[in-house]
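Notes for the one structure printed next.
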Amino acid sequence: MVRITAQLLSVAEQRVNPLQDRELVLSGLGIVAIENMAAAADHFDCWDLSNNFLTALDNFPKRKRLSHLLLSNNRISTFMVQNLINSGVGANLRTITLSNNNVESLQQIANLAKACPKLEFLTLTGNPVTSKQHSTKAKRRILIYLFLVEKISLVLANASIKPVAGDQANSVSVSGKREDQR
């Protein structure tokens, strides 16, 4: 298992991604925890920590520039929401990709949305929370909160879900169908 060190950060791939964001790539290194990231100066818009062994979203240093977290294919099941708030990371996050992790709780997703007021895109494909084990009523309540109050677009399983503009402002679009038409 690899630990994040100042030396690792100095040799890690740094690039400008297709969105013209400066990206720090720490993908596929076997990292088990987000630590020592203060050694990476606040020069990056995006951190790619996908394909590692992370179990928690925590230990963020103070960051103002970070707006995208790529965390697919880890083991994340815990969000330390207070750390996101205290570090300032949550204040500017617009995208969090959590595909193929261990996110189980609808309440955790709601708390994450509250900690990240600018969050626009959240991908949860391949997580237990997207399974049918949660009641339709509970899912609907959380989805309405996320989409209508927080204005977040989600990708859940094979459906892309986003707020509907215009006359149907109180509806949610799921693969092109309004919730009230299902």
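The values are calculated or read from the model by the stated rules, or taken from the named source; none is laboratory data. Not measured: the values here are computed from a predicted model. Positions of Cβ are backbone-derived with ideal geometry, glycine not excepted, and every protein chain shown enters the neighbour counts.
Of note:
- Residue tally, condition buried (at least 16 other Cβ atoms within 10 Å of the Cβ), modelled with pLDDT of 90 or more and not in a strand (DSSP E or B), over the range 95-114: 5
- Any hit, the range 55-65, residues being out of contact with any helix residue (DSSP H, G or I) (no Cβ under 9 Å at 6 or more places or on another chain), at pLDDT 90 or above and surrounded by fewer than 20 Cβ atoms within 10 Å (Cβ to Cβ): yes
- For residue 71: the one exception among (1) under 19 Å from residue 127 (Cα atoms); (2) surrounded by fewer than 20 Cβ atoms within 10 Å (Cβ to Cβ): (2)
- Listed by first and then second residue, the pairs with beta-carbon distance under 9 Å, at least 6 apart or on different chains, first residue in the range 11-40 and closer than 14 Å to residue 60 by Cβ and in contact (Cβ under 8 Å) with a residue 40 or more places away in the chain, second small (Gly, Ala, Ser) and outside any helix (DSSP H, G or I), form an empty list.
- Residue 75 within 23 Å of residue 107 (Cα to Cα), of a type in the set (D, E, K, R) and touching a residue at least 12 places away in the same chain (Cβ under 8 Å): yes
- Of the candidates 135, 87, 171, the single residue that is of a type in the set (Ser, Thr, Tyr) and either under 22 Å from residue 67 (Cα atoms) or modelled with pLDDT of 65 or more (or both) is 87.
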